[in-house]
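Undergrad: Before I ask anything, let me first share the structure, which is written out below as structure tokens.
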Amino acid sequence: MRTTFPEIKLELAPSEVLGIVGPNGSGKSTLIRCIDNILKPQQESILLNGQEVRRLSRIEIARHMGYVPQRAAHIFPTTVFDTVLMGRRPHASWRSSEQDVDRVVEILGLLEIEDFALRDFGELSGGEQQKVLLARALAQEADVLLLDEPTSNLDIRHQLEVMDILRNLVRERELSAIMAIHDLNLASRFSDKLVMLKDGKVYAAGESNDILNIENIREIYGIEVAVYKDSGRPHIVPLAPTRRGKI
């Protein structure tokens with residue numbers, strides 16, 4: 001399947017979270033990686049503040065966008081502190097300054113992970129690792145956070161914990177966040193805007209109340225659901241697969 005995103009215009013204000021939803025293979029991770037220029041669009045251009053991302057260096061991109069992957073790629077044995085300190089690379093020379101160290105200490109305290117600052121990153125649980133990856137992105141002091149399935153390997157407690165941290169940071173620091181996410185209820189609860197993908201194309205975009213309805217979910221996921229309102233936002237309860245959605 002070829003993934004295409006024709007004429008997507010994402011206008012996201014400071015302090016807002018944009019959720020990208022859709023079934024497996026719909027292009028959520030691909031879109032995140034295109035925005036960060038990890039994948040190169042064949043035709044269309046990705047613009048950031050009016051500049052083509054593909055014309056920016058990795059350092060320039062990293063000053064504007066912090067990327068949080070689904071899971072950590074293989075990292076050589078390193079402490080949590082040094083892993084987060086890597087996020088200062090867009091602003092620092094090869095030798096870290098006192099200001100860089102102070103910034104890392106501040107972020108570790110902000111995410112309440114200072115107690116294992118000297119532990120090996122690889123020894124941490126999935127939830128702890130996800131916090132460290134978020135901390136590394138925050139250390140970049142970027143305007144935009146890009147998150148690829150930030151809750152995919154977490155239990156329900158750590159899902160809520162990480163999402164609460166993310167939403168609070170976005171609001172308090174006036175950041176913008178774009179996240180690919182599977183769980184529609186988490187997307188509804190923590191996103192200000194949603195983009196719904198189908199077969200590599202945008203099927204719908206807008207507020208969660210407009211996007212997360214019975215008809216859209218039936219068409220995209222092939223299941224029947226009930227949709228209730230919880231604190232003014234849609235809450236989805238799966239009922240049964242449609243005939244075409246059966247395995």
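Undergrad: Out of all the residues in region 101-121, is one or more within 16 Å of I32 (Cβ to Cβ), touching a Leu at 6+ places or on another chain (Cβ under 8 Å) and among the aliphatic types (A, V, I, L, M)? If you could, list the steps in order and put the result at the bottom.
TA: Filtering region 101-121 for residues within 16 Å of I32 (Cβ to Cβ) gives none.
Scanning region 101-121, I find no residue that is within 16 Å of I32 (Cβ to Cβ), touching a Leu at 6+ places or on another chain (Cβ under 8 Å) and among the aliphatic types (A, V, I, L, M), so the answer is no.
Undergrad: Condition first: on the phi > 0 side of the Ramachandran plot, over 20 Å from the mean Cα position of the chain (by Cα) and modelled with pLDDT under 90. Can you find one or more residues in region 83-106 that meet it?
TA: Scanning region 83-106, I find no residue that is on the phi > 0 side of the Ramachandran plot, over 20 Å from the mean Cα position of the chain (by Cα) and modelled with pLDDT under 90, so the answer is no.
Undergrad: Across region 150-161, what is the total count of residues that are in contact with a helix residue (DSSP H, G or I) (Cβ under 8 Å, 6 or more places away or on another chain) and part of a loop (DSSP other than H, G, I, E, B)?
TA: The qualifying residues number 5.
Undergrad: Another one. Specify which of the listed residues (L146, L118, L133) is surrounded by fewer than 20 Cβ atoms within 10 Å (Cβ to Cβ), touching a strand residue (DSSP E or B) at 6+ places or on another chain (Cβ under 7 Å) and among the aliphatic types (A, V, I, L, M). First the steps, then the outcome.
TA: Numbers: L146 fails: surrounded by fewer than 20 Cβ atoms within 10 Å (Cβ to Cβ); L133 fails: surrounded by fewer than 20 Cβ atoms within 10 Å (Cβ to Cβ).
That would be L118, the only listed residue that is surrounded by fewer than 20 Cβ atoms within 10 Å (Cβ to Cβ), touching a strand residue (DSSP E or B) at 6+ places or on another chain (Cβ under 7 Å) and among the aliphatic types (A, V, I, L, M).
For (1) in contact with a helix residue (DSSP H, G or I) (Cβ under 7 Å, 6 or more places away or on another chain); (2) surrounded by 13 or more Cβ atoms within 10 Å (Cβ to Cβ); (3) at pLDDT 80 or above, each residue gets a yes or a no:
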position	(1), (2), (3)
N37	yes, yes, no
E44	no, no, no
Y67	yes, yes, yes
F76	no, no, no
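Undergrad: Just a yes or no: is a residue in region 148-157 over 23 Å from N37 (Cα atoms) and small (G, A, S)? Talk me through it step by step, then tell me what you get.
TA: Let us first name the residues in region 148-157 that are over 23 Å from N37 (Cα atoms), namely 153-157.
Still in the list and also small (G, A, S): none.
Scanning region 148-157, I find no residue that is over 23 Å from N37 (Cα atoms) and small (G, A, S), so the answer is no.
Undergrad: Okay, next question. Which number in (1) of a type outside the set (V, I, T); (2) surrounded by fewer than 18 Cβ atoms within 10 Å (Cβ to Cβ); (3) in contact with a helix residue (DSSP H, G or I) (Cβ under 9 Å, 6 or more places away or on another chain) marks the one condition that F81 misses?
TA: Here F81 clears every test but (2).
Table: residues versus (1) surrounded by fewer than 21 Cβ atoms within 10 Å (Cβ to Cβ); (2) at pLDDT below 90; (3) under 21 Å from P150 (Cα atoms); (4) aromatic (F, W, Y).
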| position | (1), (2), (3), (4) |
| --- | --- |
| L197 | no, no, yes, no |
| S208 | no, no, yes, no |
| I217 | no, no, no, no |
| Y228 | yes, no, no, yes |
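The values are calculated or read from the model by the stated rules, or taken from the named source; none is laboratory data. Only a predicted model underlies this, so the values are computations on that prediction, with no experimental measurement involved. All Cβ positions, even for glycine, are placed from backbone atoms using ideal geometry, and neighbour counts span all protein chains on display.
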